[in-house]
Amino acid sequence: MDLGLAGRRYVVTAGSRGLGFATAEVLSGEGARVLIAARDARRVEEAVGLLGDGSLGLALDLTQPDAARRLADEVRARWGSLDGLVVNVGGPPPGRALDYSDAAWADAVDGVLLASIRTLREMVPLLEPGSSVLVVLSTTVKEPIPGLGASNVLRPGLAMLVKDLAGELAPGIRVNGILPGRIATARTLALDGPDPRAREAQEGRIPLGRYGDPEEFGRVAAFLLSPAAGYVTGVLVPVDGGLLRSPW
Ligand SMILES: NC(=O)c1ccc[n+]([C@@H]2O[C@H](COP(=O)([O-])OP(=O)(O)OC[C@H]3O[C@@H](n4cnc5c(N)ncnc54)[C@H](OP(=O)(O)O)[C@@H]3O)[C@@H](O)[C@H]2O)c1
């Protein structure tokens with residue numbers, strides 16, 4: 001199946017490593033042009049080098065109020081408009097919901113909710129008809145993960161934003177969410193810590209019996225971003241090896 005990605009232009013935020021980079025790699029491998037953004041300029045440069053011809057990078061911190069505006073300015077200057085957008089942010093710190101201080105909650109709201117909303121507000125006007133937006137969420141949209149209180153509280157709000165925008169931006173722009181379970185990125189490995197039994201315990205709860213490979217996530221993301229998924233909008237797609245037991 002031809003995904004129809006060749007020549008299309010995508011922005012991937014938080015795209016220098018992990019899930020964002022894996023998505024950028026698949027898009028680029030299918031002939032799309034990708035602009036990735038993340039904080040560490042050297043890593044951005046390295047990632048752009050790996051993605052190859054036609055890809056671009058911008059060093060920015062999505063928690064800063066002007067980051068989304070800068071990203072939109074870069075797109076305007078380089079490409080004029082866009083065919084798709086991956087809204088991905090740095091993960092919130094672990095903790096139990098009632099243990100975060102007010103300041104920690106404010107940081108989490110800024111880093112997860114506001115960073116995503118600002119990105120959408122600035123980028124949506126640049127999207128051509130026929131574009132696709134994908135918001136990287138988590139299985140916490142449907143089921144809390146013990147010890148990830150900020151994600152458990154904030155991601156469901158963004159899931160409803162996906163549904164909201166899928167209606168608001170139709171019929172020209174499709175908007176979907178993707179729910180990684182446990183994909184083997186640096187963040188997941190850091191959350192597990194050094195004791196290998198932590199990962200074994202997690203894998204024991206996953207029907208497919210293992211963590212996902214970032215590329216397995218990237219392929220599903222690229223499909224949802226592609227014209228091949230042209231009749232799919234407003235859905236939340238788990239990529240979790242069967243971890244979520246609920247059918248809804
Ligand atoms: N991996 C999973 O299985 C999983 C499961 C559920 C949810 N998620 C969520 O998916 C997202 C990506 O996770 P990941 O596993 O890919 O993490 P990762 O491997 O740690 O990669 C994070 C990426 O985000 C960038 N980033 C972090 N903070 C940023 C900021 N303030 N501004 C701009 N870029 C920023 C990082 O680059 P710099 O550090 O250079 O900025 C890097 O490119 C997170 O929100 C995470 O909570 C992941």
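We did not get these values from a lab; they are worked out from the coordinates using the rules stated. These numbers come from a predicted model, not from an experiment. Note that each Cβ is placed from the backbone with ideal geometry, even for glycine, and that neighbours are counted across all protein chains shown.
Summary table below
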read-out	value
Among the candidates PRO227, PRO171, PRO214, residue that is closer than 24 Å to VAL11 by Cβ and within 14 Å of the chain's Cα centre (by Cα)	PRO214
Scan of the range 6-26 for residues that are among the hydrophobic types (A, V, I, L, M, F, W, C) and within 13 Å of the ligand (Cβ to nearest atom), ordered by number	VAL11, VAL12, ALA14, LEU19, PHE21, ALA22, ALA24
Whichever residue in the range 130-143 is in a loop (DSSP other than H, G, I, E, B) and under 16 Å from the mean Cα position of the chain (by Cα) and, among such residues, is surrounded by the most Cβ atoms within 10 Å (Cβ to Cβ)	LEU137
Enumeration of residues in the range 92-129 that are among the small types (Gly, Ala, Ser), farther than 30 Å from SER226 by Cα and surrounded by 15 or more Cβ atoms within 10 Å (Cβ to Cβ)	GLY95, ALA104, ALA108
Lone qualifier among ASP107, ASP83, ASP102 - being acidic (Asp, Glu) and free of Cβ contacts under 8 Å to residues at least 40 places away in the same chain	ASP102
Qualifying helices (runs of 4 or more DSSP H) (wholly inside the range 144-248; at least 3 residues being more than 20 Å from GLY20 (Cα to Cα) and more than 13 Å from the ligand (Cβ to nearest atom))	149-168, 196-204
Criterion violated by ALA103 - all others in (1) assigned to a helix (DSSP H, G or I); (2) over 17 Å from the mean Cα position of the chain (by Cα); (3) closer than 30 Å to ASP192 by Cβ; (4) within 16 Å of the ligand (Cβ to nearest atom) satisfied	(4)
Condition met for LEU62 (over 21 Å from GLU128 (Cα atoms), within 8 Å of the ligand (Cβ to nearest atom), free of Cβ contacts under 8 Å to residues at least 60 places away in the same chain and aliphatic (A, V, I, L, M))	yes
Any hit, the range 27-49, residues being small (Gly, Ala, Ser), surrounded by fewer than 24 Cβ atoms within 10 Å (Cβ to Cβ), within 12 Å of the ligand (Cβ to nearest atom) and under 18 Å from the mean Cα position of the chain (by Cα)	yes
